[in-house]
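Following: one structure in C-alpha cells, then a few remarks.
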Amino acid sequence: MVDPEEFSGVEDLPILMDDVKCRGMESNLLSCPQLQLNASHDCTHMEDVAISCTGTRRCQNGEIALAGGQYVSEGTIQICLDGVWGTVCDDLWDPTDAGVVCNILGYTNGSAIALRGAHFGQGTGPIHLDNVICTGSETSLLDCRSSPHNCGHYEDAGVICPAPQDADANCTNGDIRLADGDNEYQGRVEVCLHGNWGTVCDDGWDNRDAGVVCNQLGYTGGFPSAVSNAGFGRGSGLIFLDNVDCDGTEPNLLQCRGNEPGNHNCGPSEDAGVFCPARPCIDGTLRLNDGFNPSNGRLEICVNEVWATVCGTGFTDEMAAAACTGMGLPSDGEHIHLVDSLWNLIRFALDCDTRNILEHSLCLNAQYLGYGRRKNYVPG
C-alpha cells in the first residue's frame with residue numbers, strides 16, 4: 001500500500017467502509033465482506049487507504065483503442081483479442097470499417113476516415129485482423145468478416161473519427177485554402193476535416209469542381225479553371241477527397257458527390273488545384289505592388305473594378321503622402337516617383353486640386369498632410 005499521507009484534500013469526504021476483508025476473487029470492492037456501508041466506524045482520515053496498481057490491465061475481447069494520433073479521436077487501431085492488444089491490417093480497410101470503430105468509441109456524428117500504411121505509426125504485438133469487411137451495423141469489429149493476416153506492421157490500419165471540433169484544431173471542418181500559388185487566387189486545393197488539412201485527388205476534377213472552391217473562397221464570377229497532376233506542387237499529409245463531382249451549386253466542397261472522405265487510390269502527384277478569377281476591386285481603392293516591403297511599391301488604383309497604374313506626370317509629394325494615408329500606411333510626405341507600367345496601363349495624372357478620378361479620398365486628405373522628399377523608387 002501507499003502512505004495515505006501522500007495524498008490530501010479528502011478531509012471533507014465521508015468514510016464509507018471499514019473492516020474490509022476481500023478474498024481476492026471479487027470483481028467489485030463492494031462485494032467484499034465489510035461492515036455495513038455507511039455504518040458507524042472507529043476511523044479517522046489518518047487511516048484512509050491508498051493503493052498503487054502495477055502491471056497491465058487485462059483488456060476485454062473486442063475493446064478498441066487508438067494510438068499515435070494528435071487527437072484522441074484518431075490513431076492506429078488497437079484491438080483486444082484473448083486479453084492481448086494487437087493491430088488491424090489495412091487490406092480492404094475502408095470508411096465503412098472505420099465507421100464501425102468510430103461508432104464503438106462513441107464518435108457517431110459524421111463520416112469516418114479510413115487510413116492505411118501505418119499513417120499514425122506502426123503498432124506492436126500481434127496483428128489480429130486482416131481483410132476486414134463490415135456492413136456498418138456491427139457493434140464490435142470482431143463481428144465483421146475477417147481472415148488471418150499476411151501483413152507487417154507497416155500496413156497497420158488507422159482512423160480519423162468525426163469528433164467534436166477540438167479547441168486547438170488547426171482549422172474548421174469544410175474550410176478551404178489554396179497553397180503554393182503565385183497569388184491568392186490560385187494554388188493547390190486543401191480542405192479541412194477533423195482539425196487537419198488534406199488535399200484533393202484530381203480524378204474527375206473539372207472546372208465545375210474548381211468553381212465551387214472559388215465561390216467558397218469568395219472569388220465569384222469569371223471562369224474558374226481546374227488544375228491536375230499536382231500543378232502547384234505536391235502536398236503533404238492526408239488525401240481527403242477523390243472522384244469529386246460537383247454540380248456547381250454547392251456552397252461547400254464537402255457537399256459535392258464523391259468517395260467517402262479518406263477513400264482514394266491516389267498519390268500526391270495527383271493533387272488538384274485551381275485558378276480562380278480575381279476578386280473585383282472596389283473603385284477608388286489603392287494598393288502598392290512589386291515593392292521591397294508593404295510600405296513601398298508601384299501605386300495602383302481600382303477603376304471600373306480593374307486595377308490600373310498611375311502615370312507619374314504631375315504626381316506630387318502631397319499626392320504621395322495622401323496615398324499613404326489612404327492605404328493606412330505611415331505618411332511623412334515622402335515622394336515616390338512612379339514609372340509607368342505596361343501592364344493594364346491607364347494613363348492619367350492624379351490631381352487633388354480638381355478632385356478627378358472618382359473624387360478619391362486621397363484628394364480629400366491631402367490638405368492635412370506634411371511634406372518631404374526622398375530618392376525616387378523605380379520598380380524593377
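The values are calculated or read from the model by the stated rules, or taken from the named source; none is laboratory data. Since this is a predicted model, take the numbers as computed values, not measurements. Virtual Cβ from ideal backbone geometry, glycine too; neighbours counted across all protein chains shown. Keep in mind that these areas ignore ligands, DNA and RNA; they rest on the heavy atoms of the full protein, side chains included. Shrake-Rupley method; radii C 1.70, N 1.55, O 1.52, S 1.80 Å.
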Only listed residue being outside any loop (DSSP other than H, G, I, E, B) and open to solvent by 50 Å² or more (accessible area, probe 1.4 Å), chosen from Glu260, Glu318 = Glu318
key: Test result for Ile104, farther than 30 Å from Met17 by Cα, touching a helix residue (DSSP H, G or I) at 6+ places or on another chain (Cβ under 6 Å), modelled with pLDDT of 90 or more and not basic (Lys, Arg)   = no
message = Just to be sure I understand, how many residues within the stretch 100-154 are under 22 Å from Cys266 (Cα atoms), in a helix (DSSP H, G or I) and open to solvent by less than 30 Å² (accessible area, probe 1.4 Å)?
response = 0
inquiry  = Just to check your reading of the model, which residue among Cys134, Cys102, Cys144 is in contact with a strand residue (DSSP E or B) (Cβ under 8 Å, 6 or more places away or on another chain) and within 15 Å of Gly69 (Cα to Cα)?
reply    = Cys102
key: Where a residue in the stretch 236-248 is in contact (Cβ under 8 Å) with a residue 60 or more places away in the chain and its partner, wherever it lies, is assigned to a loop (DSSP other than H, G, I, E, B), with Cβ under 6 Å and at least six apart   = Phe240/Pro261
query = If you check every pair at least six apart or on different chains, which have Cβ atoms under 6 Å apart with a residue in the stretch 15-27 that is in a loop (DSSP other than H, G, I, E, B) first and a residue that is at pLDDT 80 or above second?
reply = Ile15/Cys43; Asp18/Cys43
key: Qualifying residue in the stretch 193-210 (condition: without any contact (Cβ under 8 Å) to a residue 40 or more places away in the chain and not basic (Lys, Arg))   = yes
ask   = Looking at this structure, is Glu300 of a type outside the set (Phe, Trp, Tyr), part of a strand (DSSP E or B) and either open to solvent by 30 Å² or more (accessible area, probe 1.4 Å) or at pLDDT 80 or above (or both)?
value = yes
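One line per residue, one yes/no per condition, for (1) at positive phi; (2) of a type outside the set (Val, Ile, Thr):
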| position | (1), (2) |
| --- | --- |
| Leu217 | no, yes |
| Ser225 | no, yes |
| Val244 | no, no |
| Cys256 | no, yes |
| Asn259 | no, yes |
| Gly267 | no, yes |
| Phe275 | no, yes |
| Pro294 | no, yes |
| Gly297 | yes, yes |
ask   = Filter the stretch 44-94 for residues that are among the polar types (S, T, N, Q) and part of a strand (DSSP E or B); which is farthest from Asn265 (Cα to Cα)?
value = Gln78
